[in-house]
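Everything on this sheet refers to the single structure shown next.
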Amino acid sequence: MIEDRERVATTDARDLALECVETGIEAGRPQRVIREAVSLGGSETPAESREGGAADETLRIADETYDLSAYDEVVVLGGGNAAAHVAAALEDVLGDRIDGGVVVTDDPADTERVAIREGDHPVPSQRGVESTRELLAAADAAGERTLVLAAITGGGSAVMPAPAGDVSLAALQETTNALLESGADIHEINAVRKHCSALKGGHLARRAAPATVVSLILSDVVGNDLSVIASGPMAPDASTYEDALAVVDRYGIDVPDAVADRLERGAVGEIDETPGPDDPAFETVSNHVVADGLTVLEAARDAAAERGYETLILSSRVRGEARDAATTHVAVAEEAQATGTPVSAPAVILSGGETTVTVRGSGTGGPNQEFATSAALDLEGGITVAAVDTDGIDGATDVAGAVVDETTVDDAEQAREMLADNDVYPYLAERGDLIRTGPTGTNLNDLRVFVVE
């Protein structure tokens, strides 16, 4: 999975850190999690199910069952970084029981019955708008006897753009860029995006009604808030236009006039709010988180334990400024190394979540690269750090993250200057510390691995 791994894994500790990264990401791949969460007639494959006779009319999804004979069609709708892979995995289970569908993604996969349409991440694009228009048309076509399997994954907010009202794609792009660079967390970012969209914030559920909708969700959001994952296209939205305006004001974001006008008109009641919990559209919707950050962390923990290391999952909910979070993580690793608290070395300490970067410079990088660089500034020996985004794309770069140790920083002043300019990508590239995976087929937030000797 990791490109040129032998070159990056120059020590045993680096090799273990990269093994934890690979094992964690592999555990979150849709092919695996869908196979565990979905079955037809008690069997794992369509061929096995057909041999079972009447039982193959029963579809199990997590802890719920559905009688397929009650529906005229089964379609797959949705989007996100891993959505095409979810669709492909559903085809593996259901085969020709799937009648069609549309999924929008930036990471296509081969499917036979579901149309895969492309969008872009992390900034929405024109092709994403056109693809999402096709998705919305498919949702509009769903009827009362349609079973919609909704593939919802991280990245859906960007790859499924549906500008609402007078908001143009250019205005949406400008707003998205400003939000991503502001240091706002994902809840705040999505409060704005949902109120500029004809799909987000439960609107897709309203478009699909009165169909039965079963969402299979891969969560990249701290706490698995359904209204935030991919901006909650199939979930009720408790945020308001006033909340969105407050985010814009809090971070001093100069949004385009069309966005400001829409938010202001919504705040005074001139535009309907996003669908809330009492909206009838949700009466036939059920949502299932089939994988999240803990899926990744637990697999990485098991990989470290097999190598004889003590393990500790520090948290799956780490958030805040990346470079500040790094300092705290290093302190925990130093304590373990010095005193055996909260875990005895040799140990592997793991965390997940989603840190942010407030962009003040003009360089290239991402939250995990800044986390790694900031951590490296404090490393004195015996601690190795890997930090990646599990979708393989850290920020707007072509890398997943980085692995660092005490050899990474040979000039602390230069490293601090690069951090100040948000330009750690070339710094890490020069040292051979970047981790490249390409698109991984999943998106379950960040993974950080501290190997403590």
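Evaluate the relative contact order of the chain (contact order divided by residue number), counting alpha-carbon pairs under 8 angstrom at least 6 apart; express in whole percent.
17 percent
How much net charge surrounds G24 when only other residues with a Cβ under 11 Å from its Cβ are counted (Lys, Arg +1; Asp, Glu -1)?
Details: positive: R29, R301, R448; negative: E19, E22, E26, E298, D302, D446.
Result for the neighbourhood of G24: -3.
R0 = 41 Å: FRET efficiency of R35 with E417, Cβ-based, nearest 0.05?
For R35 and E417, the calculated efficiency is 0.30.
Candidates [x] 10; [y] 17; [z] 61; which is the computed percent of Cα pairs over 42 Å apart?
The calculated read-out lines up with [y].
Compute the signed sum of charges (Lys and Arg +1, Asp and Glu -1) over the other residues within less than 14 Å, Cβ to Cβ, of S182.
-4
Run the dipole for the range 207-345 about the Cα centre, Lys and Arg Cβ at +1, Asp and Glu Cβ at -1, nothing else charged, and hand back the magnitude in debye, nearest 20.
In total the dipole reaches around 540 debye.
With the contact rule set at Cα under 8 Å and sequence spacing of 6 or more, what percent relative contact order holds for the range 253-370? Before the final figure, lay out each step's value.
Values: 104 pairs, mean separation 29.7, N = 118.
Normalised by residue count, the contact order of the range 253-370 is 25 percent.
Taking +1 at the Cβ of each Lys and Arg and -1 at the Cβ of each Asp and Glu, which of A412, A333, L350 sits farthest along the dipole of the range 294-453 towards its positive end, judged by Cα position relative to the Cα centre?
L350
Using only protein heavy atoms and a 1.4 Å probe, report how much of M418 is accessible, in Å² to the nearest 10.
About 40 Å², rounded to the nearest 10.
Per the helix-only calculation at 222 nm, which mean residue ellipticity applies to the chain, given -39500 (n - 2.57) for every DSSP H run of n ≥ 4 and division by its residues, nearest 500 deg cm²/dmol?
Result for the chain, helices only: -11500 deg cm²/dmol.
So, with +1 on the Cβ of K and R and -1 on the Cβ of D and E, and no other charges, what is the size of the charge dipole of the chain about its Cα centre, to the nearest 20 debye?
Value, rounded to 20: 540 debye.
So for the range 369-453, averaging the separation of alpha carbon pairs under 8 Å that are six or more residues apart and normalising by length, what relative contact order in percent results?
Taking the mean separation of contacting Cα pairs over the length of the range 369-453, I get 42 percent.
Suppose each label sits 7 Å from its Cα in the direction of the beta carbon; what would the D140-E181 distance come out to in nanometres?
Using points 7 Å along Cα→Cβ, the separation is 3.6 nm.
With viscosity set to 0.692 mPa s at 37 °C, what whole-number translational diffusion coefficient in µm²/s follows for the range 127-231 from Stokes-Einstein and a Kirkwood radius over Cα pairs?
It diffuses with D of about 231 µm²/s by this estimate.
For E118 paired with D72, estimate the spin-label separation in nm (one decimal), with each label point 7 Å from Cα along the Cα-to-Cβ line.
3.5 nm
Which residue, S239, L199, S227, has the largest displacement toward the positive end of the dipole of the range 186-252 when charges sit on each Cβ (Lys, Arg +1; Asp, Glu -1)?
L199
The values are calculated or read from the model by the stated rules, or taken from the named source; none is laboratory data. On a predicted model such as this, the values are computed, not experimentally measured, just so you know. Every residue, glycine among them, receives a Cβ derived from its backbone with ideal geometry; neighbour counts consider all protein chains shown. To get the accessible areas, we keep the full protein, side chains included, count just its heavy atoms, and leave off ligands, DNA and RNA. Shrake-Rupley method; radii C 1.70, N 1.55, O 1.52, S 1.80 Å.
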